[in-house]
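Below: one structure, written as structure tokens.
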Amino acid sequence: MGDTNGDTTTPPGGDAPGDEEGSGPDAVRSALNRARAAARERGAVPGALAAGKRRRRPRDDGSRSGAGPDARDPQTVGAALDRLVAERGWGEAVAVGGVIGRWEAVVGAEIAAHCRPETFDDGVLTVRADSTAWATQVRLLTAGLLRRLAEEVGEGTVTKVVVRGPAGPSWRRGPRVAPGSQGPRDTYG
């Protein structure tokens, strides 16, 4: 099939468009083979980049994440906090802080209404009661309270519970008080 001006050239594929015998998968395969042969004649190597640039192979230095979970993958906040607590050695303090935060659930609503935790130092939990009667009552319940705390935070974390009654008024005023100044009963006389 040619042109009307006498040009009988065929496209580089070999067959003219519309030929019945050059269509289908065999035609595609033969066109690919002809393109490869033409590239070899020009001196091009299949798979090489133009202008002499080399392909870089990915380094396997651990800078990329693989198919499995990795420390560089996104983490949940809970997992990150658990790892931070473990790395810093804050496990005991966090457990005790959790008990203090859930004080009512640990000791019960009635006791929690009348006493609250104040400090925790070296295994000693200090609790402040709102009346002397409740301070006495909580002192009688310290054995059960220690058992309940051991269930919550682990055995040996809280070794002693100190119960204090309500704080009396302080007769001292100001940030600096001279030693030997008047005491609580010396103000009137």
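Computed from the coordinates by the stated procedures, all read-outs in this text should not be read as laboratory data. Because the structure is predicted, anything quoted here is derived from the model rather than measured. Quick reminder, even Gly has a Cβ in these numbers, built from the backbone with ideal geometry, and neighbours come from all protein chains shown.
Structure data summary
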| read-out | value |
| --- | --- |
| Dimensionless Rg over Rh [the range 106-164; C-alpha; Kirkwood] | 0.93 |
| Label point distance in nm, Thr142-Arg29, each placed 7 Å from Cα along Cα→Cβ | 9.3 nm |
| Extension gain, Glu152 back to Asp70 (0.36 nm per residue minus Cα-Cα distance, nm) | 26.3 nm |
| Contour minus Cα-Cα distance for Val162 and Val85 (0.36 nm per residue) | 25.0 nm |
| Potential extension, Asp130-Glu92 segment - 0.36 nm per residue separation minus Cα distance | 10.9 nm |
| Sorted peptide list for 70-80, 85-95, 155-165, criterion being average Cβ within 10 angstrom, highest first | 155-165, 85-95, 70-80 |
| Under-5 Å amide H pairs with Val163, H placed in peptide plane, nonlocal only | Val127 |
